[in-house]
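These notes are about the structure you will find just below.
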Amino acid sequence: MRVIVLIGILTWYAGPYVAQPLRCGGIYDISHDWIAVDIDVYHWQCDDLIRVDAAGETQWLPLLDSGLLSRYCVETGEGCIEIVGDVPGHAAWWTGLSAPGRLLNVSAARREFERRAGR
């Protein structure tokens with residue numbers, strides 16, 4: 001079964017990553033928004049469209065970067081919850097360093113639907 005939905009913690013990143021290359025091409029700058037996910041663990045693809053639900057809002061972001069996010073978690077009152085996504089600091093819409101959220105890989109869902117439909 002392919003992973004299409006991730007539920008966990010979203011964080012933001014900046015600092016030393018600004019002006020550095022993104023895994024999927026381009027560099028970290030404020031001219032656009034994106035999300036980073038642990039591509040290698042979840043087998044998602046560069047440029048996938050990700051619906052991100054967090055802090056009462058929905059954002060639609062392209063998957064342009066990757067990191068070892070699944071190796072880390074954020075300690076909460078419910079335990080240490082896995083980090084599932086990272087957005088650039090200028091694009092974070094929640095207050096604080098992190099927020100619980102859900103990622104839906106719309107592109108992966110479409111690929112799975114087309115695979116099952118025999119297309």
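Of the residues making up the range 5-45, those that are in contact with a Cys (Cβ under 7 Å, 6 or more places away or on another chain) and free of Cβ contacts under 8 Å to residues at least 24 places away in the same chain number 0.
Scanning the range 44-80 for residues that are hydrophobic (A, V, I, L, M, F, W, C) and touching an Asp or Glu at 6+ places or on another chain (Cβ under 8 Å) yields L61, L63, L64, L68, L69, C73. Just the residues that are under 11 Å from the mean Cα position of the chain (by Cα) and of a type in the set (S, T, Y), please, taken from the range 43-67. Result: S66, single match. Hey, among G101, G67, which residue is out of contact with any Ser or Thr (no Cβ under 9 Å at 6 or more places or on another chain) and closer than 18 Å to V5 by Cβ? Residue meeting the stated conditions: G101. Could you list, in sequence order, all residues of the range 83-99 that are farther than 21 Å from D48 by Cα and crowded, with 16+ Cβ neighbours inside 10 Å? Within the range 83-99, W94, S98, A99 meet the criteria.
Values in this text are rule-based calculations from the coordinates and carry no lab data. All of these numbers come straight from a predicted model, not from anything done at the bench. Note that we place each Cβ from the backbone using ideal geometry, even for glycine, and neighbour counts take in every protein chain shown.
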